[in-house]
1. Contact list please: Cβ distance under 6 Å, first residue in region 131-152 and closer than 15 Å to residue 73 by Cα, second residue more than 16 Å from the ligand (Cβ to nearest atom) and assigned to a loop (DSSP other than H, G, I, E, B), pairs at least six apart or on different chains.
2. Those residues that are in contact (Cβ under 8 Å) with a residue 24 or more places away in the chain and away from the ligand (no atom under 11 Å from the Cβ), I need them from region 85-101; list them, please.
3. Can you tell me which residue within region 72-81, out of those that are in contact with a helix residue (DSSP H, G or I) (Cβ under 6 Å, 6 or more places away or on another chain) and modelled with pLDDT of 95 or more, is farthest from the ligand (Cβ to nearest atom)?
4. Could you tell me how many of the residues in region 184-196 are in contact with a strand residue (DSSP E or B) (Cβ under 7 Å, 6 or more places away or on another chain) and in a strand (DSSP E or B)?
5. Can you spot a residue in region 197-211 that is in contact (Cβ under 8 Å) with a residue 60 or more places away in the chain, over 18 Å from the mean Cα position of the chain (by Cα) and assigned to a loop (DSSP other than H, G, I, E, B)?
6. Residues of region 5-51 being surrounded by 18 or more Cβ atoms within 10 Å (Cβ to Cβ) and part of a strand (DSSP E or B), which ones?
7. Residue under question is residue 255, and the condition is that it be touching a helix residue (DSSP H, G or I) at 6+ places or on another chain (Cβ under 6 Å) and outside any helix (DSSP H, G or I); does it hold?
8. Among all residue pairs at least 6 apart or on different chains, which show Cβ distances below 7 Å where the first residue, located in region 156-167, is under 25 Å from residue 125 (Cβ atoms) and the second is near the ligand (Cβ under 10 Å from one of its atoms) and assigned to a loop (DSSP other than H, G, I, E, B)?
Ligand SMILES: [Zn+2]
């Protein structure tokens, strides 16, 4: 997997043509198909026709709409599972402005595709489930639907590694949450990669709003008692603004983030 592929994927997913990937829009479906097509090209296995796991939810106006998670997997030597996840939806078009969601969360989604490519032709110890969640922006709806109606027994899921906003930080700091609850995961975390520092934190309930445990899809796993690692940056000036665009991400930082997460998955698969 070349660094240009993962950047090209991020650029495409956050391009104006996908209009901010809002759940329930045709462009959100195009993004889901793009992910499913990649899973197919890589030879990932599927639980359903075309990797798509549909679910229904209500939008803000209380209208029932369709969402769809995209799920592919690489069978491991054992049945125990590591879920690797990122949400692909964003908030769409607001007042005529396209909210491209480059960092949130084209970054995590393109990293997910890069990790899927790395492990597609391997025989991992764990069965690796690659999950692109829909409707995170509407209240973690995709991951809630996933744990409510999982394609595998929940008790076989040993951890969720979730990525949400991993491409935009001026200080070279990527946070990883989850080891406050599950200290046993700490030995598998690298200190960093390249110029990037990987900092455990944002997971102590005493932090209040700065405890990120339930602020993205890892929260749905946490509520089921499943350990998690969540990778993300602190909020930045472009967070949930129309300026969260490809040109404003930190490309070298993002590429380092992809590598530090790839290394974490390898460490967990080999030794956890
Ligand atoms: Zn997000």
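The values are calculated or read from the model by the stated rules, or taken from the named source; none is laboratory data. This one's a predicted model, so the numbers in the text were calculated from it and none came from an experiment. Glycine gets a Cβ as well: all are built from the backbone with ideal geometry, and neighbour counts include every protein chain shown.
1. Short answer, once both residue conditions are applied: 151/47.
2. So the first thing to find is which residues in region 85-101 are in contact (Cβ under 8 Å) with a residue 24 or more places away in the chain, and the list is 85-94, 97-101.
Residues satisfying the conditions are 85, 92, 93, 94, 97, 98, 99, 100.
3. Residues of region 72-81 in contact with a helix residue (DSSP H, G or I) (Cβ under 6 Å, 6 or more places away or on another chain): 72, 74, 79-81.
Next cut, modelled with pLDDT of 95 or more only: 72, 74, 80-81.
Values: 72: 21, 74: 25, 80: 27, 81: 23 Å.
Step by step, filter region 72-81, then rank; the result is 80.
4. Kept after step one, since they are in contact with a strand residue (DSSP E or B) (Cβ under 7 Å, 6 or more places away or on another chain), are these residues of region 184-196: 185-186, 189-192, 196.
If we keep only those that are in a strand (DSSP E or B) too, we end up with 192, 196.
So the count comes out to 2.
5. The first filter runs over region 197-211 and keeps only residues in contact (Cβ under 8 Å) with a residue 60 or more places away in the chain, leaving 198.
Next, from what is left, pick out any that are over 18 Å from the mean Cα position of the chain (by Cα): none.
Looking for residues that are in contact (Cβ under 8 Å) with a residue 60 or more places away in the chain, over 18 Å from the mean Cα position of the chain (by Cα) and assigned to a loop (DSSP other than H, G, I, E, B), one finds none in region 197-211, hence no.
6. Of everything in region 5-51, just one residue is surrounded by 18 or more Cβ atoms within 10 Å (Cβ to Cβ) and part of a strand (DSSP E or B), namely 22.
7. Numbers: touching a helix residue (DSSP H, G or I) at 6+ places or on another chain (Cβ under 6 Å): yes; outside any helix (DSSP H, G or I): no.
No: the conditions fail for residue 255.
8. 162/216; 162/217
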